[in-house]
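Below: one structure, written as structure tokens.
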Amino acid sequence: MSNPSEALATARNAFSTGITKNAPFRLNQLKALLRLYEENTPAIIAALTEDLHKSKYESLISEVDYLKNDALNMIYNLSTWMEPEKPEKTLVNIMDQVIIHKEPYGVVLIIGAWNYPLQLVFAPLAGAIAAGNCALLKPSELAPASSKLIAELVPKYLDNDCFKVIEGGVAETSALLKLRFDYIFFTGSTHIGKIVSEAAAKFLTPVTLELGGKSPVYVDNTVDIEIAVNRIMWGKCFNSGQSCIAPDYLLCTKEVQEKFIETTKKVITQWYGEKVKQSPDYGRIINDNHFKRIVKLLEGTKIVYGGEYDSNERYIAPTIVVDVKPTDPIMQEEIFGPILPIITIDNAVDAINFVNQGEKPLALYVFSNKKTDIDLFIKNTSSGGVCINDTMMHFSCESLPFGGVGNSGLGAYHGRYSFDTFTHKKGTLVKNAGKLGEKLQNARYPPYNESKAKF
Ligand code: NAD
């Protein structure tokens, strides 16, 4: 395994040669990344099954295919994105050139989380490569099979000096954070995000923090309840609820709640059969600590659906709990598991007030056919992103920036935004140095007489 300081020194030397600034180099590395995904799909699926019991289909759509599309999008658009921009000029600069040059930061540190262990390392990496940076990658130790695979594959496909993997947990990440990077891209919890931010502040290193939180869902009585249940429970059950943008809790009236619960029973049986535990399509909780944490959240709650669990397999059934109070433990932290608490409210305004009492979430979901209520939510709440009449799908829309706000994060990426995240935009003014240009500048030189002041 690479030593953090040596790895950084090697990457710094590589960056200083200027190699990553060349478009053909970036393109080759992005193509190599694409080959890495294509040629290792079975190994990636096997690692995700080992770490998370992820089904082949979920692994494909949320990791392999997602990453392939991301790399293809970068390959296709790279030369356009790299072009210097020529912003509008004012009269003062009419004779000059006004340019925004796109400059890589240098060596970036990418720290990943375990829930989408490959995607959360490789998607930022693609942005870092496209923007011309070198990178050190720290995959999550809590998804060990995926971390090992990343450490094996990166040296086989990417430039060995520019891109390096450091495996490990808190000790290794802490050692990395003592070093001076030119950018840090962190995905993980809000708590650790603050540690990363503090470490970065010592060197004034810019950061992107992709964090989590409790993403609310509001459902009213104007929607087709079956469609709403499909889309909400899919978000809750995908990866066993272990998604940063999983719908965390539901806000609805008592009347909607009853229909929601009845429909959920039908939908879950259609998807996974009578015995969810035996379905190959349903995942498991990442480790014993998280399993115990989630099961503890169920203590004292009123379970109206599901509630079964098995510690041997770290299985937790899709579960709905009702009569939830805002002060209950399940409402104090991001659930990150397949449990949906329902809080009853009377209307959209009540729901908005409830959302605004908490921290700004990563995602906000509104299921309604009332345009006025949808607008009310968009205008009167703040969240990383919003998805109307669906959950999680805004993540896959590459033309949208993805990121949090407040406690749910800082900065954004995906598609073009990934390139921008890892790019310093260097404002450049090239003054006309001819006699005519100088004449036009004359007004700024002393003596500052009255006529110049009027000008
Ligand atoms: P985590 O914060 O525990 O760990 C993330 C990374 O930080 C890991 O690589 C880990 O090794 C490292 N780390 C852990 N403790 C550390 C410490 N004391 N000092 C330095 N580094 C440390 O998060 P997690 O459990 O891996 O992921 C779950 C969280 O991530 C959830 O809150 C989820 O919402 C969030 N998340 C956010 C996004 C997003 O895109 N916004 C995506 C996935 C997950």
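The values are calculated or read from the model by the stated rules, or taken from the named source; none is laboratory data. Predicted model only: the values in this text are computed from it and were never measured. As a convention, Cβ positions derive from the backbone with ideal geometry for all residues, glycine included, and neighbour counts pool all protein chains shown. Note: accessible area is taken over every heavy atom of the protein model, side chains too, but ligands, DNA and RNA are not part of it. Shrake-Rupley method; radii C 1.70, N 1.55, O 1.52, S 1.80 Å.
If you put +1 on each Lys and Arg Cβ and -1 on each Asp and Glu Cβ, how big is the dipole of the chain around its Cα centre, in Debye rounded to 20? Charge dipole, the chain, about its Cα centre: 1640 debye, nearest 20. Sorting 198-204, 295-301 by average packing, meaning the other beta carbons within 10 Å per residue, from highest down gives 295-301, 198-204.
Computed in the context of the full set of protein chains, the accessible area of region 216-403 at 1.4 Å probe radius has 50% of its extent on carbon or sulfur. Ignoring ligands, DNA and RNA, what percent of the accessible area of region 48-126 is carbon or sulfur (1.4 Å)? Carbon and sulfur: 56 percent of the exposed surface of region 48-126.
Taking a ≥ b ≥ c as the square roots of the eigenvalues of the Cα gyration tensor of region 266-326, is the shape rounded (a/c under 1.5), prolate (a/b larger than b/c) or oblate? Verdict is oblate for region 266-326. Put a plus charge on the Cβ of each Lys and Arg, a minus charge on the Cβ of each Asp and Glu, and nothing anywhere else: the dipole of region 216-403 about its Cα centre is then about 200 debye.
Within the chain, the proportion of C-alpha pairs whose separation exceeds 37 Å stands at 33%. Think of a 1.4 Å ball rolled over the protein heavy atoms: the chain then has 45 Å² of accessible area per residue. For the chain, the cysteines with no partner cysteine C-beta closer than 4.7 Å are C237, C244, C252, C387, C397.
Spatial offset of region 400-455 relative to region 310-339 amounts to 49 Å, using the alpha carbon center of each. Within straight-line reach of K435, meaning a Cα separation under 20 Å, sit the following aspartates and glutamates at least 8 residues removed in sequence or on another chain: D96. For G385, nonlocal amide neighbours, meaning residues 5 or more places apart or on other chains whose placed amide H falls under 5 Å from its own, are A363, L364. Selection among T80, Y105, G169 by position relative to the dipole of region 17-172 gives T80 as farthest towards the positive end (Cβ unit charges, Cα centre).
Rounded to the nearest 10 degrees, the angle from helix 144-157 to the longest Cα principal axis of the chain is 30 degrees. Pairwise inverse Cα distances across region 216-403, averaged and inverted, put the Kirkwood hydrodynamic radius at 16.7 Å. Highest mean packing comes first when the peptides 213-224, 133-144 are listed by Cβ atoms within 10 Å, giving 133-144, 213-224. When the residues R444, R314, R284 are ordered by accessible surface, computed with a 1.4 Å probe over the protein chains alone, the sequence from largest down reads R444, R314, R284.
Only one residue of S140, A46, M95 has its Cα farthest out toward the positive end of the dipole of region 2-140, where Lys and Arg carry +1 and Asp and Glu -1 on Cβ, and that residue is M95.
Between the listed residues P361, P329, I342, the Cα displaced farthest toward the positive end of the dipole of region 216-403, a dipole computed from Cβ unit charges relative to the Cα centre, is found at P329.
Determine which lysines satisfy two conditions relative to K178: a Cα distance under 16 Å, and not lying fewer than 8 residues away in the same chain. Of all the lysines, those that pass the test against K178 - Cα under 16 Å, at least 8 places apart if same chain - are K138, K194, K202. What you get for region 58-151, charging only the Cβ of Lys and Arg (+1) and of Asp and Glu (-1), is a dipole of about 180 debye around the Cα centre. Counting Lys and Arg as +1 and Asp and Glu as -1 over every other residue whose Cβ lies under 13 Å from the Cβ of I225, the net charge comes to -2. Protection proxy ranking of 384-394, 83-93, by the mean of other Cβ atoms within 10 Å over each peptide's residues and highest first, is 384-394, 83-93.
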